[in-house]
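Below is one structure, written out as structure tokens; comments come after it.
The values are calculated or read from the model by the stated rules, or taken from the named source; none is laboratory data. Note that this is a predicted model, so its numbers are computed, not measured. A quick note on method: Cβ atoms are made from the backbone with ideal geometry, for glycine too, and the neighbour counts reach across all protein chains shown.
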Amino acid sequence: MTSQSINLMAVGDISLASKDPESLFIKVSPILKSADIVVGQLETPCTLRSVVTGVWGVIGHPNATPKGCDPQNMKALRSAGFNVIHLAGNKIWDAGVPGIEDTTNGLRNLGIATIGAGMNLDEARAPAVIEKKGMKIGFLSYNCVGPKETWANPLKAGCSWVRIVTAYELDHPTPGANPTIYTFPSPDSLKAMTDDIHELRNHCDVLVVHFHKGIGLVPIKLAMYEQIVSHAAIDAGADLILAEHAHILKGIERYKDKIIFHGLASFVDPPAPFVKRPEWIIEQQKNIFKESFGIEIDGSEYWPHVQNSNLSIIAKCVVRDGKISQIGFLPCLINSIGQPEILPHNTLGQEVFDYMEHITEKAALNVHYKWDGNEIVICG
């Protein structure tokens, strides 16, 4: 009997805020469409229904301004080969109920499964299961970064979530000095996540969990909670952990012979047509990153960027006979108009390889990499 295998590809943050969203994927869609399953994270809701900010969040209003992009833009995801879209992000509530309803319905009408958001908590926590070549791949996703307004509850639309608690402790008698920061998941929300994984485990061959997590634009530092939630998911039965939100690459970890991509970085990132930020906000954000993380960001009036935030990867997982047999990634570079380009084993591709080796080692993670043709394989 011939051994069956499927290729799963995964990417990080996707923004569709473009007048020509199809063009954003033009350099990568041939590779993505060659995969059996492609999953990514959609950054913002897609709706043309108007919303305004109210006391309890954003609500529908006929005279307000839309805060999502055109739902027609989601067709670019289908054209590029996506099967599953993860929606449990910090911006999913930007357009309130209309944004969540129009985004989830629009994707499903395109034949794309959604995870991580819905019209109530049960819908948001519901998994997606994709069957290919007789094998079932299950997906779950959770927002670990907030804000609370994005979270679904039994009576409110929103995203699935794991509540992260932050504690500050001053370890020396110097009021006003920098404290030690502890972050950890609340036990009840962590249990809800592991319950979901236990429930899904019996209905799929390979189980993938997505997290929206991490400190933005900081490549090396992992907050304490990041490994706690990732390890807990694997302990509960997950086979692969994928994460994004920080808009920069993070290192990769092996835990109990399972792989954790701690940060897939931005994938499609067109120049943002957002409202310009005042100068005082730009300076405040620059100071926060400098004082808290020791990194310099540019003075962009639209969105902050740091060195190497234009590097990205496509995670690639080979599933053979119902088990993961190989995991690696394709190195990518986001060009000046926000398009990801796949890099072969050349000078630029080696820069991504070296960068991943560097940030993985500096984060005290435990994998290494090697080239296999034009792909990079996780080893060690």
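Couple of notes before you dig in:
- Counted residues, the range 48-74 - those being modelled with pLDDT of 95 or more and either more than 21 Å from His212 (Cα to Cα) or outside any helix (DSSP H, G or I) (or both): 3
- Subset of the range 33-51 [among the hydrophobic types (A, V, I, L, M, F, W, C) and either buried (at least 22 other Cβ atoms within 10 Å of the Cβ) or over 20 Å from the mean Cα position of the chain (by Cα) (or both)]: Ile37, Val38, Val39, Leu42, Cys46, Leu48, Val51
- Residue identified as at positive phi and aliphatic (A, V, I, L, M) among Leu217, Leu207, Leu222: Leu217
- Identity of the residue in the range 207-235, in a loop (DSSP other than H, G, I, E, B) and touching a strand residue (DSSP E or B) at 6+ places or on another chain (Cβ under 8 Å), that ends up surrounded by the most Cβ atoms within 10 Å (Cβ to Cβ): Pro219
- Residues (modelled with pLDDT under 95, assigned to a loop (DSSP other than H, G, I, E, B) and hydrophobic (A, V, I, L, M, F, W, C)) located in the range 307-361: Ile337
- Some residue of the range 347-355 being touching a Phe, Trp or Tyr at 6+ places or on another chain (Cβ under 7 Å) and not hydrophobic (A, V, I, L, M, F, W, C): no
- Of all residues in the range 149-180 being hydrophobic (A, V, I, L, M, F, W, C), assigned to a loop (DSSP other than H, G, I, E, B) and modelled with pLDDT of 90 or more, the one that is surrounded by the fewest Cβ atoms within 10 Å (Cβ to Cβ): Leu155
- Checked against the criterion of being without any contact (Cβ under 8 Å) to a residue 60 or more places away in the chain, farther than 26 Å from Asn310 by Cα and of a type in the set (A, V, I, L, M, F, W, C), the candidates Ile164, Ile197 yield just one match: Ile197.
- Only listed residue being at pLDDT 95 or above, polar (S, T, N, Q) and under 30 Å from Ser325 (Cβ atoms), chosen from Ser79, Ser3, Ser23: Ser79
- Residue list for the range 124-140, restricted to those being out of contact with any helix residue (DSSP H, G or I) (no Cβ under 8 Å at 6 or more places or on another chain), touching a residue at least 24 places away in the same chain (Cβ under 8 Å) and more than 30 Å from Ser3 (Cβ to Cβ): Ala124
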